[in-house]
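S.K.: Here it is: the structure, laid out below.
The values are calculated or read from the model by the stated rules, or taken from the named source; none is laboratory data. Please read these numbers as outputs of a predicted model, since none were measured by experiment. Positions of Cβ are backbone-derived with ideal geometry, glycine not excepted, and every protein chain shown enters the neighbour counts. What goes into the accessible areas is simple: the full protein's heavy atoms, side chains included, and nothing from ligands, DNA or RNA. Shrake-Rupley method; radii C 1.70, N 1.55, O 1.52, S 1.80 Å.
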Amino acid sequence: MRKQLMKGNEAIVKSAILAGCRAFYGYPITPASEIAEAAAEYIPKTGGVFVQAESEVAAINMLYGAACAGVRAMTASSGPGISLMQEGISYMAGAELPCVIADIMRGGPGLGNIGADQSDYHQVVKGGGHGSYRTIVLAPSSVQEMADLTALAFELADRYRTPVVVLADGFVGQMMEPVAFQQTAIEAAAAGWAVTGTAETRNNLITSLHLDFDELERHIRKMEAKFEEAARRDARAERWQTEDAEIVLVGYGIVGRILKAVVEQARAAGIRAGLLRPITLFPFPAEQIRTVAKRAKAFAVVEMSTGQLVDDVRLALMGSRPIEFFNRVGGNVPSAEEVLAFVEQKFGVAAGEVLAHV
């Protein structure tokens, strides 16, 4: 298939349309604005609906309505807008409504700035709204993966009847690369549980309200079971040069790409390094990390936040291996050179004697 040169943000929209998305509700925000722009241009051409809402709060509730009708629908924003959507996301998770949400992360807190960042990890991966729920979270590291993981996001959203987030830093959203769209275009049919305005669906009731304590507990247990199923079936990670690695670098998004260069340079310096890049942030690829840890002596987590991904790596390893942490924040992207200097400082010849006793 012929490749097309485009931004990651545009690739999300074109892939969503091929996956049957026919409704987009959103409010523009840098560095995610091209998603709304592309949706405004392309989705009406498919017979779908684009609405620029008056706010992110309005957008997420419009998405709730479209999902209730069984329409494949999505929205997109960045950190401040995703914060405003958290109540609606909790409602959609509680009502078991499938949808796709793209979060192109920028620097925070507050308005912060428009630079690439990864500081939305906790609010997205852990669930920023109230209640016992999770969202499935996919983390692309290339424009091709922006397309591929968006298609997967719609599939997983329908399979588990839950919101799915495509979580990308602003760097990946703004970069341009060739993309091949592998999937065949589909026209998604409304599910049997949806409310479509027909006599047959009149009795379908979609709500997240369960006033009886036992009823709500049963509902939460049901949701918990499907999240556990997702953890068994759908955790994904890229493992690169980990077969003989003594030091494993862990990072997602643009950081994962930078770490490949670090691995090559570290090996040239005599340090046997490898990369594990989480692709699903929830479900987290804990088992893959533990498998790599059977040989590896230590781990180094690199991220563009003050330390959020590193918490899940620590939980996966349960103290079995030492973990070092390197970060840049505020819109700064770590360079391969500064990460390599960190690796050499922690795991160079001098550190090798320490690691030999781990």
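S.K.: From (1) under 23 Å from residue 330 (Cα atoms); (2) open to solvent by 10 Å² or more (accessible area, probe 1.4 Å); (3) at pLDDT 95 or above; (4) part of a loop (DSSP other than H, G, I, E, B), pick out the condition that doesn't hold for residue 122.
M.R.: (4)
S.K.: So which residues in the range 188-204 are touching a helix residue (DSSP H, G or I) at 6+ places or on another chain (Cβ under 9 Å) and either over 11 Å from residue 19 (Cβ atoms) or not aliphatic (A, V, I, L, M) (or both)? Don't jump to the end; show me each part of the working.
M.R.: Keep residues of the range 188-204 that are touching a helix residue (DSSP H, G or I) at 6+ places or on another chain (Cβ under 9 Å), which gives 188, 190-195, 204.
Hits for the range 188-204 are 190, 191, 192, 193, 194, 195, 204.
S.K.: May I ask you to verify whether residue 71 is open to solvent by less than 10 Å² (accessible area, probe 1.4 Å), modelled with pLDDT of 95 or more, of a type outside the set (Gly, Ala, Ser) and touching a Lys or Arg at 6+ places or on another chain (Cβ under 9 Å)?
M.R.: Working: open to solvent by less than 10 Å² (accessible area, probe 1.4 Å): no; modelled with pLDDT of 95 or more: yes; of a type outside the set (Gly, Ala, Ser): yes; touching a Lys or Arg at 6+ places or on another chain (Cβ under 9 Å): yes.
Criteria not met by residue 71.
S.K.: Output the number of residues of the range 59-94 satisfying the condition of being part of a helix (DSSP H, G or I), small (Gly, Ala, Ser) and more than 30 Å from residue 115 (Cα to Cα). Quick ask: steps written out before the conclusion?
M.R.: Step one: filter the range 59-94 for residues part of a helix (DSSP H, G or I), giving 59-68, 79-94.
Add one more test, that the residue is small (Gly, Ala, Ser), and what stays is 59, 65-67, 79, 81, 83, 88, 90, 93-94.
Among the residues that remain, those that are also more than 30 Å from residue 115 (Cα to Cα) are: 65-67, 94.
The number of residues fulfilling the criteria is 4.
S.K.: What helices (runs of 4 or more DSSP H), lying completely within the range 252-358, carry at least 2 residues that are of a type in the set (Phe, Trp, Tyr)? Let's see the steps before the verdict.
M.R.: Values: elements: 254-268, 286-293, 309-317, 336-347, 349-355.
Qualifying helices (runs of 4 or more DSSP H): 336-347.
S.K.: Quick one: is residue 188 assigned to a loop (DSSP other than H, G, I, E, B) and touching a Ser or Thr at 6+ places or on another chain (Cβ under 7 Å)? Break it down stepwise before answering.
M.R.: Working: assigned to a loop (DSSP other than H, G, I, E, B): yes; touching a Ser or Thr at 6+ places or on another chain (Cβ under 7 Å): no.
No; evaluated as a whole, the condition is false for this residue.
S.K.: Within the range 192-201, restricting attention to residues that are of a type outside the set (S, T, N, Q) and in a loop (DSSP other than H, G, I, E, B), which residue is least open to solvent (accessible area, probe 1.4 Å)? Break it down into steps so the answer makes sense when it comes.
M.R.: Pass one, the range 192-201, residues of a type outside the set (S, T, N, Q): 192-195, 197, 199-200.
Filter once more, so that each one left must be in a loop (DSSP other than H, G, I, E, B): 192-195, 197.
Working: 192: 71, 193: 58, 194: 0, 195: 58, 197: 76 Å².
Only one residue tops the list, namely 194.
S.K.: Here's another thing I want to ask about it. Of the conditions (1) touching a Phe, Trp or Tyr at 6+ places or on another chain (Cβ under 7 Å); (2) aliphatic (A, V, I, L, M); (3) open to solvent by 10 Å² or more (accessible area, probe 1.4 Å), residue 63 clears all except one; give me its number.
M.R.: (3)
S.K.: I'd like the residue in the range 12-47 that is β-branched (Val, Ile, Thr) and touching a strand residue (DSSP E or B) at 6+ places or on another chain (Cβ under 9 Å) and, out of all such residues, is most open to solvent (accessible area, probe 1.4 Å).
M.R.: Among residues in the range 12-47 that are β-branched (Val, Ile, Thr) and touching a strand residue (DSSP E or B) at 6+ places or on another chain (Cβ under 9 Å), the one most open to solvent (accessible area, probe 1.4 Å) is 30.
A quick yes/no check of all residues on (1) among the small types (Gly, Ala, Ser); (2) surrounded by 10 or more Cβ atoms within 10 Å (Cβ to Cβ):
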| position | (1), (2) |
| --- | --- |
| 179 | no, yes |
| 184 | no, no |
| 190 | yes, yes |
| 203 | no, no |
| 208 | yes, yes |
| 214 | no, no |
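S.K.: Can you find, within the range 270-308, the residue that is surrounded by the fewest Cβ atoms within 10 Å (Cβ to Cβ) among those that are at negative phi and without any contact (Cβ under 8 Å) to a residue 24 or more places away in the chain? If you could, list the steps in order and put the result at the bottom.
M.R.: The first filter runs over the range 270-308 and keeps only residues at negative phi, leaving 271-306, 308.
After this cut, where a residue has to be without any contact (Cβ under 8 Å) to a residue 24 or more places away in the chain as well, the list is 291, 294.
Values: 291: 15, 294: 8.
The residue in question is 294.
S.K.: Conditions first: (1) in contact (Cβ under 8 Å) with a residue 40 or more places away in the chain; (2) farther than 24 Å from residue 9 by Cβ. Residue 236 passes all but one, so which condition is the exception?
M.R.: (2)
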